[in-house]
1. In square angstrom, what is the accessible area per residue of the chain with a 1.4 angstrom probe?
2. If I stretch the segment between Gln222 and Ser170 completely, what's the gain in nm (0.36 nm per residue apart, minus their alpha carbon distance), one decimal?
3. Cross-link list Lys80/Lys145; Lys65/Lys215; Lys9/Lys73; Lys145/Lys215; Lys80/Lys131; Lys6/Lys73: which exceed 30 angstrom alpha carbon to alpha carbon?
4. When the Cα centres of segment 17-34 and segment 165-184 are compared, how far apart do they sit, in Å?
5. If ligands, DNA and RNA are left out, what is the accessible area of Arg150 with a 1.4 Å probe, given in Å² to the nearest 10?
6. Residue separation times 0.36 nm, minus the C-alpha to C-alpha distance between Glu51 and Gln16: what's the value?
7. Taking +1 at the Cβ of each Lys and Arg and -1 at the Cβ of each Asp and Glu, which of Val19, Leu239, Pro63 sits farthest along the dipole of the chain towards its positive end, judged by Cα position relative to the Cα centre?
8. Note down the magnitude of the dipole of segment 137-233 about its Cα centre, charges +1 on Lys and Arg C-beta and -1 on Asp and Glu C-beta and zero elsewhere, to the nearest 20 debye.
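The values are calculated or read from the model by the stated rules, or taken from the named source; none is laboratory data. What you are looking at is a predicted structure, and each value in this text was computed from that prediction instead of being measured. Glycine gets a Cβ as well: all are built from the backbone with ideal geometry, and neighbour counts include every protein chain shown. Areas reflect the complete protein model, heavy atoms only, side chains present, ligands, DNA and RNA absent. Shrake-Rupley method; radii C 1.70, N 1.55, O 1.52, S 1.80 Å.
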Amino acid sequence: MDQKLKILKEWVDESQSIVFFGGAGVSTESGIPDFRSVDGLYHQQYDDPPETILSRTYFDASPEKFYKFYRAKMLCLDAKPNAAHQTLARWEQEGRLLSVVTQNIDGLHQAAGSRRVWELHGSVLRNYCMKCRAPYSAQYILDSKDPVPRCTCGGIIKPDVVLYEESLDSHVLQGAVNDIQNADLLLVGGTSLAVYPAAGLIRYFPGRRLALINKSSTPYDQEAELVIHGLIGEILGGLSAKS
């Protein structure tokens, strides 16, 4: 076994309160596109940049254009959990993983069986009427024939995702911070650590065992005790944590 993977396995085996902090790279192995890689959404050509389309200003001003992009690129409802999601869920069941802190909005951690998941940027699986707050499913959004999905009361339905210009949910943020502060191993995977304020949360980790797993380098590589470059699903799926 590679020396770095051996160290990671030892850390996992010795831990009782792992916190996993993950980003888009966790879900790319499930077929969900990321944003910043060479083939990511930010490198594709649209009439407006994805960062603009996924902003609150754009949603309010051009909801029809927003939903055209959102339905085509953000709703991947057929995606299934991969080895990374499944391994993390198993660690939680074994009592060694405290929680998952994710920047993803796809709900795949919960689909794999994880229960304590802090969704920093919300979830496409939750939607609500901006007028009466009635809930709607992601399938309703996808199947709606209206360019802009509307509630039976006539209000516009908005995905429960954090758009650019919107603040993170304070309850979710505090929960994530508390767990990171109480972790004995902070495992960061599948994220470029370029999106703030989410990326800044790892500053709250007071321990020494900070491990980063990502396809490319991150701004925090020099601060981590262990850095592994590769696919998060392949790496976590290849670990055989003791039960």
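1. Per-residue value: 49 Å².
2. The span from Gln222 to Ser170 would gain 15.8 nm if fully extended.
3. Going by Cα-Cα distance, Lys65/Lys215; Lys9/Lys73; Lys145/Lys215; Lys80/Lys131; Lys6/Lys73 fall outside the 30 Å limit.
4. 17
5. Only protein atoms counted, so the area is about 110 Å².
6. So the extension gain works out to 8.8 nm.
7. The one lying farthest along the dipole's positive direction is Pro63.
8. The calculated dipole for segment 137-233 is roughly 120 debye.
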